[in-house]
Amino acid sequence: MNAMSAVAAAGTFVWLGMVLGISFLEAPLKFRAPGVTVQIGLGIGRVVFRALNRVEAVLAVVVVVAVAFGEPSAVEGVLAAVTAVLLATQLIAVRPALNRRSDRVLSGETLPRSRTHLVYVALEVAKVVALLTLGVAVLAG
């Protein structure tokens, strides 16, 4: 394994761990903690996901560049691109809608469950699969 492949693998698995830890562990559990209201949970979630998404953007650049310069297979190149596109879709198309909705809830409005949130979760699941597959592909060389 060359140095760029090692960077790609490390970046991919760090990114995967962060998504799993925050999206699938922290996010749902915070609403079960005593005293955490929907408003408090949304406020915490916005801060946490804003930070996660910034780190994800940096990791996406690191992974894509490392894959590109690490003599990638076609599969690795496609997986890196797919993962970056999934993140971009979340950040550009879905997060703004979720932020507008959470603004309304934080201002006191009562709204039904959000289908947009389900789209975000579906993209998270797809991103996890893409990251895991990319990491394994890079390690397999």
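The values are calculated or read from the model by the stated rules, or taken from the named source; none is laboratory data. Just so we're clear, the structure is a prediction, and the values are computed from it rather than from any experiment. Cβ coordinates were reconstructed from backbone atoms using ideal geometry, including for glycine residues, and neighbour counts include every protein chain displayed.
Worth pointing out:
- Among the residues of segment 57-92, those that are under 12 Å from the mean Cα position of the chain (by Cα), under 17 Å from ALA9 (Cβ atoms) and surrounded by 15 or more Cβ atoms within 10 Å (Cβ to Cβ) comprise LEU59, ALA60, THR83, ALA84.
- Options LEU139, LEU59, LEU131; residue that is within 18 Å of GLY17 (Cβ to Cβ), touching a Phe, Trp or Tyr at 6+ places or on another chain (Cβ under 7 Å) and touching a residue at least 60 places away in the same chain (Cβ under 8 Å): LEU131
- Residue match in segment 46-54 (condition: closer than 19 Å to VAL128 by Cβ, in contact with a helix residue (DSSP H, G or I) (Cβ under 7 Å, 6 or more places away or on another chain) and free of Cβ contacts under 8 Å to residues at least 40 places away in the same chain): yes
- ARG113 at pLDDT below 95 and not in a loop (DSSP other than H, G, I, E, B): no
- The listed residues are GLU71, GLU76, and the only one of them that is touching a residue at least 24 places away in the same chain (Cβ under 8 Å) and within 15 Å of LEU132 (Cα to Cα) turns out to be GLU76.
- Screening the candidates ARG54, ARG32, ARG95, ARG101 for the property of being in a helix (DSSP H, G or I) and loosely packed, with under 12 Cβ neighbours inside 10 Å yields one hit, ARG54.
- Among the candidates THR110, THR116, the residue that is exposed (fewer than 12 other Cβ atoms within 10 Å of the Cβ), more than 14 Å from the chain's Cα centre (by Cα) and of a type outside the set (Lys, Arg) is uniquely THR110.
- Residue-level check: of (1) touching a Ser or Thr at 6+ places or on another chain (Cβ under 8 Å); (2) under 16 Å from ARG50 (Cα atoms); (3) not charged (D, E, K, R), TYR120 misses just (1).
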